[in-house]
1. Only one of these is in the same structural domain as Gly233 (by TED's automatic domain parsing), part of a strand (DSSP E or B), over 23 Å from the mean Cα position of the chain (by Cα) and crowded, with 17+ Cβ neighbours inside 10 Å: Arg287, Arg343. Name it.
2. Yes or no: Ser236 in a helix (DSSP H, G or I) and in the same structural domain as Gly294 (by TED's automatic domain parsing)?
3. In the range 360-373, what residues are loosely packed, with under 15 Cβ neighbours inside 10 Å and in contact with a Phe, Trp or Tyr (Cβ under 8 Å, 6 or more places away or on another chain)?
4. Specify the residue that is surrounded by the fewest Cβ atoms within 10 Å (Cβ to Cβ); the eligible residues are those in the range 384-397 that are closer than 15 Å to Leu413 by Cα and among the hydrophobic types (A, V, I, L, M, F, W, C).
5. Being closer than 23 Å to Tyr200 by Cα and not in a strand (DSSP E or B) narrows it down to one residue among Ala135, Ala153; which is it?
6. Filter the range 391-448 for residues that are of a type in the set (Val, Ile, Thr) and either modelled with pLDDT under 95 or under 19 Å from Val196 (Cβ atoms) (or both) and give the result.
7. Those residues that are under 18 Å from Val145 (Cβ atoms) and part of a helix (DSSP H, G or I), I need them from the range 115-132; list them, please.
8. For the range 124-136, what are the residues that are surrounded by 15 or more Cβ atoms within 10 Å (Cβ to Cβ) and of a type in the set (Gly, Ala, Ser)?
Amino acid sequence: MSLQYHFMESRGEGRGVRCIRSRTWGQGWAADWGARSWGGLGILRSYRHSAAVRLPLPLSPDSQKIMPRPIHVALIGQKFMGRAHSNAWNQVGHFFDGPRPVHLHTVAARDQSELIPFAKRWGWDSCSDDWRSLASIDEVELVDVGTPNHLHAEQALTMLAAGKHVACEKPLAGTLADARQMRDAARKAKGSKTFVWFNYRRCPAVALAHQLVRAGKIGSVLHVRAQYLQDWGGPSTPMSWRFKKSLAGSGAHGDLNAHIVDMARFITGDEIHEVHGAVARTFIKERAQEGKRGKARSDVDDCVLFVASFKGGATASFEATRLACGNQNRNTIEINGTKGSVRFDFEDMNVLHFIGPSDDPRIDGWQRIMCTSAGNHPYADAWWPDAHVIGYEHCFTNMAADIVKVLSRRKPLVPLPDFEDAYQTQRVLEAALVSARERTAIRLSEVK
């Protein structure tokens, strides 16, 4: 039997009017009443009836405007990505003047001891221990899947079958077969949009690199070299789902190489057509079981390196590891062209390094571009004054803003990855694993 909760809370006094938000959940979801203020105008909002009720407050001409229908979002998962996604949905309306408001409707997860505090902390109106119940909530328009990799397929397929839009954490799935099934279901679900949280696309510096390379500022692409190095997966790190092939699909490869393969495809606009060779290693084969005696077997890769080539002729190298001491989150990519280069390092995420043609050798060399200038750099106008930097969590909020645009039939600032797009990255990951296992080159045409 599933457990469902609704929250009741008092809001403070505002211009002499006391506002109560009543929150309920489930079939026949009654209403979400909230006092909101736009330009000194008090509006009592009913999300169910999409009606704006005027209160006896000073009114402005804007009071006659009909507020757009909110996007009711539900989330599956309450751990690391659950926090990141919740924060994004919470913040997007505060910083972006989007075409539709976002309403955090319901969060679903198994751990009841953490679920209710999580829902209250992050602003979810209700919670449930049964993720399948989200499919039957008519108000919910978008379901966000923020769970371990092996759960993505079943959860996404269920929500697509119910007619929901789906945003899924990366990688698309733990296996190519699951990813293919998700792609095929998305193709058939004509009324549903899909999204995959490759959040690094939404770093202003990465989005700018995409714009510069696509505009021909570095000429034809010749080389791509990318690394994603972390150091948290050492011998003292206890067992978790990330070290189990049945749950994660792969280790550092699906966790980290997925990001840099996506970034390479995104920035260049080209597709990898062959993996020429790969090496995959598991260095730590046993790990302590957290809270238990004894050890458990770790059967995923600790590191994967591979070389590849793009259809356009560029060569590429990719390396991912969680055992690179001193590199806590070193996500780097450099792209060299016939006229210039771009270089990005997430540990200095607000900066893009660029070199282009110069007719004066005295000033030739790399430029360090601080990508925080409103009106000049992607997403910068939503945040802070020039050189007031942003962080990891802002990339998720930038993506949430673009999802809102797409669901409002508007164009995102830069392309959003959908299940079709993410499936192409999954094919590259699979080709690298097959290449490492068989010690041979693998053409992407062989990976269906």
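1. Working: Arg343 fails: over 23 Å from the mean Cα position of the chain (by Cα).
Going through Arg287, Arg343 in turn, the sole match is Arg287.
2. Details: in a helix (DSSP H, G or I): no; in the same structural domain as Gly294 (by TED's automatic domain parsing): yes.
No.
3. If we filter the range 360-373 for residues that are loosely packed, with under 15 Cβ neighbours inside 10 Å, which is where we start, we get 360-368, 373.
Scanning the range 360-373 gives Trp366, Gln367.
4. Phe396
5. Working: Ala135 fails: closer than 23 Å to Tyr200 by Cα.
From the options Ala135, Ala153, the qualifying one is Ala153.
6. Within the range 391-448, the subset of a type in the set (Val, Ile, Thr) is 397, 403-404, 406, 414, 425, 428, 434, 440, 442, 447.
Passing the criteria: Thr397, Ile403, Val404, Val406, Val414, Thr425, Val428, Val447.
7. Leu115, Phe118, Ala119, Trp122, Trp131, Arg132
8. Ser126, Ser128, Ser133, Ala135
The values are calculated or read from the model by the stated rules, or taken from the named source; none is laboratory data. On a predicted model such as this, the values are computed, not experimentally measured, just so you know. All Cβ positions, even for glycine, are placed from backbone atoms using ideal geometry, and neighbour counts span all protein chains on display.
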